[in-house]
Amino acid sequence: MNIAPRLVAAALLGLAVWGSVAPAGEDVFPGNPEAMVDLATREGVALFKGEWRYSDTRLVQIAFHDPGADNQPTGPDTRTWDYLPKAGTRDFDDANWARIDPVTLSKRGHGHLSFNWYRIRLTIPERVGSFDTRGSTVVFETQVDDYAEVWVDGELPHPTAQSGGPVVMGWNAKNCLVIGRDVQPGQQIQIALFGINGSISKSPTNFIFLHYAKLEFHRGPTGPMGVVPHEVNVDVIRLDPAVDRIVPPNPKVWKLAEGFKFTEGPIWVPDSNGGHLLFSDPNRNTIYSYRDGALGVFRMPSGYAGADIAEYGQPGSNGLTLDSHPGRARSGRCRSPTVNWRSAMKWRSGVPTTLSGNGICAPIKRDFRRAGRRW
């Protein structure tokens, strides 16, 4: 099923990311890692300037809504259960949590129906042994007895039919996932590990055991790449009830690709195969195309290509639109300070559009001026 038309509204949010989370395993990296670090040792944790922190969770009763006719939480008021703390987010404050020695990670919780959190923030070193970490792919692997979910930089990816990786794989099974691609020394990665005592319906008398946690460094792909579409976290702060007419009660945002410097200007281009997405990365001076999980370069350079291009932090296009020719895209905000605009204003769907002498269409955002000249 082609889900891309439903993703266009979410593309700008879902594409502009710094983290890199995806399932991984022997099928993804069949060879031996270039380097490996045991995070259940003091030396391993110290290498990444980390510190394990721990907290139990507690169940709390909350107000909610039963399902309505739209199968969303729009029905009658009800009461249900949730848990605290919600510690998966990247910037959650765990300063008051217990600091635990890496060699004592195992055997936590209080038995029966219980859950817990382990958190650690890692800083990528320049080297692991003799291996230069720059540009490498980092894989995190752990085994929690009985189940675990792994949040990375505040996200818990869960594509349809996902098994393992960041989510539960099975009884006492390992979790193995990519937590960083094309990493750089000094980059920080936040891991939040949610432990679950099981089997849940049995209400077991045993405890939660974290058997091991390790990092592997592999030589992997660099730069932007498509990922399996999956939901990312959405937290809507509704300051005015009128927003309910625009934002549904259970909104979804999907991540399509990762590894960009900056993204904006997404447009959906209809075609005989159902259509595709175009969007800009002005920092990389590139327009990308996306269709059914595949990411490609549509145009590079997408904007300015003069000899003094290094003077501009964002030389590429930003806004994109379609002209009167079906399916033909136009890019916007040319970066040349010497361009002759010879422009005429038009309105497309309520957005002012400039048509320049070279046929470029650009949604206008700002009036840039340099040395008295518009650019």
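Structure above, values below:
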| item | result |
| --- | --- |
| Odd one out for Ser106 among (1) surrounded by 12 or more Cβ atoms within 10 Å (Cβ to Cβ); (2) within 27 Å of the chain's Cα centre (by Cα) | (2) |
| Residue list for region 60-75, restricted to those being at pLDDT 95 or above and aliphatic (A, V, I, L, M) | Val60, Ile62, Ala63 |
| Selected residue [in contact (Cβ under 8 Å) with a residue 60 or more places away in the chain and of a type in the set (Asp, Glu)] from Asp101, Asp132, Asp77, Asp153 | Asp153 |
| The one condition in (1) of a type in the set (A, V, I, L, M); (2) under 26 Å from Leu256 (Cβ atoms); (3) in contact with a Leu (Cβ under 6 Å, 6 or more places away or on another chain) that Val144 fails to fulfil | (2) |
| Qualifying residue in region 163-173 (condition: modelled with pLDDT of 95 or more, in a loop (DSSP other than H, G, I, E, B) and under 24 Å from the mean Cα position of the chain (by Cα)) | no |
| Yes/no for Val253 being farther than 25 Å from Ile179 by Cα, surrounded by 12 or more Cβ atoms within 10 Å (Cβ to Cβ) and of a type in the set (Val, Ile, Thr) | no |
| Filter pass, Gly195 being in the same structural domain as Asp93 (by TED's automatic domain parsing), on the phi > 0 side of the Ramachandran plot and touching a residue at least 12 places away in the same chain (Cβ under 8 Å) | no |
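A quick yes/no check of all residues on (1) without any contact (Cβ under 8 Å) to a residue 24 or more places away in the chain; (2) of a type in the set (Asp, Glu); (3) not assigned by TED's automatic domain parsing to the domain that holds Tyr290:
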{"position": "Asp182", "(1), (2), (3)": "no, yes, yes"}
{"position": "Lys202", "(1), (2), (3)": "yes, no, yes"}
{"position": "Thr205", "(1), (2), (3)": "no, no, yes"}
{"position": "Gly223", "(1), (2), (3)": "no, no, yes"}
{"position": "Val227", "(1), (2), (3)": "no, no, yes"}
{"position": "Glu231", "(1), (2), (3)": "no, yes, yes"}
{"position": "Asp240", "(1), (2), (3)": "yes, yes, yes"}
{"position": "Ile246", "(1), (2), (3)": "yes, no, yes"}
{"position": "Asn250", "(1), (2), (3)": "no, no, yes"}
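The values are calculated or read from the model by the stated rules, or taken from the named source; none is laboratory data. Keep in mind that this is a model prediction, so the values were computed, not measured. Here Cβ is always computed from backbone atoms with ideal geometry, including for glycine, and neighbour counts include all displayed protein chains.
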